[in-house]
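Q: One structure is given below, represented as structure tokens, and several questions about it will come after.
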Amino acid sequence: MAQSPAAESPGAPEQGCPIRVEHDRRRRQFTVRLNGCHDRAVLLYEYVGKRIVDLQHTEVPDAYRGRGIAKHLAKAALDFVVEEDLRAHVTCWYIQKFVKENPLPQYLERLQP
């Protein structure tokens, strides 16, 4: 499982703990472990073509919302698309919002209509 670099955030799951996104390629998901390893935030994707992924769903447990965790998941997923030279179809409303708020050329040029 590949891990993206940890990033300190004032809204980290536990005060002073970095948010670390893990990528499980076999399960096609990005996760952040919350409160040790009991709770998780997750971003799910599927391959819908040879080089096209559908970023389908992002979920953060209610108790952890509003802390920037979904942003880390969205960034990790979009960075994966860029690094692997893939195209992305974005079904998830949150990732659509993230791209609008972070209209980086490397993300925009990889989006499918």
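The values are calculated or read from the model by the stated rules, or taken from the named source; none is laboratory data. All values derive from a computational prediction rather than experimental measurement. Cβ coordinates were reconstructed from backbone atoms using ideal geometry, including for glycine residues, and neighbour counts include every protein chain displayed. The protein model used for the area step is the full one, side chains on, heavy atoms only, and it has no ligands, DNA or RNA in it. Shrake-Rupley method; radii C 1.70, N 1.55, O 1.52, S 1.80 Å.
Q: If only one of VAL32, VAL82 is in a helix (DSSP H, G or I), out of contact with any Ser or Thr (no Cβ under 8 Å at 6 or more places or on another chain) and not small (Gly, Ala, Ser), which one is it?
A: VAL82
Q: Follow-up question, since we're still on this one. Identify, by number, the condition in (1) open to solvent by less than 40 Å² (accessible area, probe 1.4 Å); (2) more than 17 Å from VAL21 (Cβ to Cβ); (3) of a type outside the set (Phe, Trp, Tyr) that CYS92 doesn't meet.
A: So CYS92 meets the others, but not (2).
Q: A follow-up question, please. So is ALA41 farther than 22 Å from PRO105 by Cβ, more than 9 Å from the chain's Cα centre (by Cα) and in a helix (DSSP H, G or I) or not?
A: On the way: farther than 22 Å from PRO105 by Cβ: yes; more than 9 Å from the chain's Cα centre (by Cα): yes; in a helix (DSSP H, G or I): no.
The answer is no for ALA41.
Q: Continuing with the same structure: Tell me which of these PHE80 doesn't satisfy, since it passes every other one: (1) farther than 23 Å from GLU109 by Cβ; (2) modelled with pLDDT of 95 or more.
A: PHE80 satisfies every listed condition except (1).
Q: What is the number of the single condition among (1) at pLDDT 90 or above; (2) of a type outside the set (A, V, I, L, M); (3) in contact with a strand residue (DSSP E or B) (Cβ under 7 Å, 6 or more places away or on another chain); (4) farther than 25 Å from PRO105 by Cβ that TYR47 does not meet?
A: That leaves (4) as the condition not met.
Q: Under 7 Å between Cβ atoms, at least 6 apart or on separate chains: pull out the pairs that start in segment 37-61 with a residue that is under 22 Å from LYS71 (Cβ atoms) and hydroxyl-bearing (Ser, Thr, Tyr) and end on any residue that is open to solvent by 50 Å² or more (accessible area, probe 1.4 Å) and part of a strand (DSSP E or B).
A: What qualifies is TYR45/GLN56.
Q: For VAL60, indicate whether it is over 28 Å from ASN35 (Cα atoms) and under 15 Å from the mean Cα position of the chain (by Cα).
A: For VAL60, the condition - over 28 Å from ASN35 (Cα atoms) and under 15 Å from the mean Cα position of the chain (by Cα) - is not met.
Q: While we're here: Note down all Cβ pairs under 7 Å where the first residue falls in segment 81-108 and is more than 19 Å from ALA70 (Cβ to Cβ), the second is in a strand (DSSP E or B), and they're at least six residues apart or on different chains.
A: Taking only residues 6 or more apart or on different chains, the pairs are LEU86/ILE52; LEU86/VAL53; ARG87/ILE52.
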